[in-house]
1. How large is ³J(HN,Hα), in whole Hz, for each residue of the stretch 101-113 in order, when computed from phi with the Karplus curve 6.51 cos²θ - 1.76 cosθ + 1.60 and θ = phi - 60°, using x for Gly and Pro?
2. Roughly what % of Cα-Cα distances in the stretch 3-147 sit above 21 Å, to the whole percent?
3. Output ³J(HN,Hα) for the stretch 32-49: one whole-Hz value per residue in order, computed from phi by the Karplus curve 6.51 cos²θ - 1.76 cosθ + 1.60 with θ = phi - 60°, and x for Gly and Pro.
4. Skipping prolines and chain starts, which residues have an amide H placed within reach, meaning under 5 Å, of the one on residue 88, given they are 5 or more residues away or on another chain?
5. Which loop-located trypsin sites (Lys or Arg not before Pro) does the stretch 54-104 contain, where loop means any DSSP state but H, G, I, E or B and the Cβ has at most 14 other Cβ atoms within 10 Å?
Amino acid sequence: MSGGDAKGFDDIVMHNALIAAERLHKALWSSVGQVLAGDDLSVVQWLLMSELARGEGCTLTHFVRATSRDAGSLSRAIHQLSQRGLLDNRRSHFDRRSSTISFTAAGRAMHERLAPDIEQLTQTINLGADAADLDRIAMTLAQAINADRMPAAHTDMVEQ
């Protein structure tokens, strides 16, 4: 295959990967959104609750890094969940600019009630993928994202 053909092939692969990623994104967000609609939760709010369930006492900075969402949308979601009595947002005694977010009893109960329904989606979404497949996809995407962030000199060392 000549250099031009390889470039064309890479373009087709990237095109197909982008289309597949977008379809997966839409299918997952739509399905999760349907489960959450009865509790008037958005997918972004669920992402916060799901991340918080992994470890108490998270900050907005932690949520931004963990979810790759912008601070403004996450801050609004935290405020909305706090107003509903699902999250507790406490200012740090040491740094008034920082807050620690944690579940209230009602928030933890809601997460525990909804988590099995969200987990069940991997079996009901018509993606042709089971939980292990989705985990592999997530790991592959994370590796691609991290590889894209590597400095050029480090990338050269990885390829050798």
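Values quoted throughout were computed directly from the atomic coordinates according to the rules given, and no laboratory measurement underlies them. Only a predicted model underlies this, so the values are computations on that prediction, with no experimental measurement involved. Ideal geometry is used to build each Cβ from the backbone, glycine not excepted, and the neighbour counts take in all protein chains shown.
1. 9, 9, 6, 8, 4, 5, x, 5, 4, 5, 4, 5, 6
2. On the way: 5524 of 10440 pairs.
Roughly 53 percent, once rounded to a whole number.
3. Along the stretch 32-49, the couplings run 5, x, 5, 5, 7, 4, x, 9, 6, 10, 8, 5, 4, 4, 5, 4, 4, 5 Hz.
4. 102, 103, 104
5. Numbers: sites: 54, 65, 69, 76, 84, 90, 91, 96, 97; in loops: 69, 84, 96, 97.
Those that pass, being in a loop and sparsely packed, are 96, 97.
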